[in-house]
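Here the structure comes first, spelled out in structure tokens, and everything after it is commentary.
The values are calculated or read from the model by the stated rules, or taken from the named source; none is laboratory data. All figures in this text were calculated on a predicted structure; none of them were measured in a lab. Note: ideal-geometry Cβ built from the backbone for every residue, glycine included; neighbour counts use all protein chains shown. Note: accessible area is taken over every heavy atom of the protein model, side chains too, but ligands, DNA and RNA are not part of it. Shrake-Rupley method; radii C 1.70, N 1.55, O 1.52, S 1.80 Å.
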Amino acid sequence: VKTIVAGDDDGMGKLNNSFDNNSRVYELRTSFVMKVGKHFALKENSRSQISLLRQVAELYNLSAYDTVTVTKINKHHHDEVLKHVSTDFMMVTIKDQFISRGEMFHYQNSLLGKWVFCGERLTSQDGVRAIAKEIRHADRIINAGIVTKETKITFRSRSARIIWIVQISTEMWDYASPYDSNGARCQIYFDKFVQFMYRLFEKWKALEVTHSLTVLFFSRTYVTLQREMQSNQGRATSFANVSTVQADCEGRLYQDHYKVVVENETRADWESLVLKIKRAFLEYPHNVGWNISSESESRIPSTAAQGNLLEAINVTMNVLSLHYIDRDLHRTGNSIVVISAGNGVFEVEKKIAGITKQRMMDNGIGSDMLCLGLPPLHVAPFFLYKDVAVADTNAEDKNWFDDVKTFFEIPHWMNLSFVEYDPDKSIGSFQSTSIAQETKIMANAIGSNAFAYLP
């Protein structure tokens, strides 16, 4: 026997194992609660036929001519039943449309009191189309539930604008840790990134997403003048005045490079982009002019920690900050994903860190970082800067950092993850840092705008 507990527009049903006048106990295979309309009428002690949507029937393993029991809930039981059948959390997916925050708010209000099942296509009067993908009550996943005012609805876009900014540092040619859960394994970090792309694109293909993907390579090149530096010390000063060549806080000359590899690509076969990205990686050292054998001038890439991370994020923000101009009505959501071979520790300048944080907050754009290396034994992500970078700060900051040389900041606006693979699985997975909660606690203790120091 299967049970369908029903109610009218003013109420729901309540589960019970005995429903007839003789208090006969039924062995229930499944039971669920759903709302019915005003025209639903069922005589007591009578046999009738009930029609359900095919999706609902398959969700609860109902077949044709199954015996079911329908029970109507009394009004004074509504609140008690609603505690057990309400939806605490629901995730919906949207695709090929633009939805503003205001439309999301009105869409949530239109679902109040509605019985929703997993996989249902939900369309509002404003034209918002979404699919219910995951429904939770307390700490368990359920097949269906009733949306209340306390229900938390999360929107996931399958047609977002995603920008990958890949850091090309010296670690990209280093060998990764040769050990994993299945034994020894040797590969450079870029091969690890390629493996990640294959598994991610396979997942995108299974989900049938229509993201707009842009891939940007960025790097920092340190320039060293050997003979000229020894014979003429003033050459470094004149060389640093060139617009493309700057000097960091330690006096080292550097040049930043950016290259767009893939721009606004949307494909059914995402794996075809991997070959294009691999070819661009092989040609990149020649394009930026890296050279360590020249006697007059050497150009070597920086490490991941010394790279131009914040500069690359701001270059991307220059495009995303104007999202309201000539908006793409087939895309909802903008995302920046930083891919680095480091471990989440970066040397930055304080002013650029403050500008980047403010622009992220003003535009409401999320930023994620995926590190290919091993996680550190401390909080990450982790920004470091020297005292030279704070020479223009106010008197209060100077007093606070009086006898300290190195400072750090924990950027709460960036979500850091470390990639992890399981060869037995067809799809790769992300492993978030186990110290995420520690990061939030420490950031709150330090303060959102304050910089702590390293002893």
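You can think of it this way: the chain between Leu374 and Phe105 has 92.8 nm of extra reach, that is 0.36 nm per residue less the Cα-Cα gap. For segment 106-185, the share of accessible area belonging to carbon and sulfur comes to 44 percent (1.4 Å probe, ligands and nucleic acids excluded).
Shape analysis of segment 130-219 based on the Cα gyration tensor places the equivalent ellipsoid semi-axes at 37, 19, 12 Å, largest first. For segment 242-372, the solvent-accessible area with a 1.4 angstrom probe is 48 square angstrom per residue. Ranking Leu275, Leu384, Leu122 from most to least accessible surface, computed with a 1.4 Å probe over the protein chains only, gives Leu275, Leu384, Leu122. Asp191 exposes around 70 Å² of accessible area when a 1.4 Å probe is run over every protein chain in place.
If the segment from Asp191 to Glu271 were pulled out straight at 0.36 nm per residue, it would be longer than the present Cα-Cα gap by 27.3 nm. Surface calculation, 1.4 Å probe, protein heavy atoms: Val33 sits at approximately 20 Å² accessible. With the convex hull drawn over the C-alpha atoms of segment 75-186, the volume per residue is 176 Å³.
Here the spin labels are modelled as points 7 Å beyond Cα on the Cα-Cβ line, and at Arg136 and Val68 they lie 2.9 nm apart. The share of accessible area on segment 266-320 that comes from carbon and sulfur is 55 percent, using a 1.4 angstrom probe. Which FRET efficiency value, to the nearest 0.05, is calculated for Glu297 and Asn318 with the Förster distance at 30 angstrom and r the Cβ-Cβ distance? Calculated transfer efficiency: 0.45.
The heavy atoms of Met361 offer some 100 square angstrom of accessible surface to a 1.4 angstrom probe.
At q = 0.29 Å⁻¹, work out log10 I(q)/I(0) for segment 122-182 with the Debye formula, treating every Cα as an identical point scatterer and leaving solvent out; two decimals please. Values, matching the q order: -1.33.
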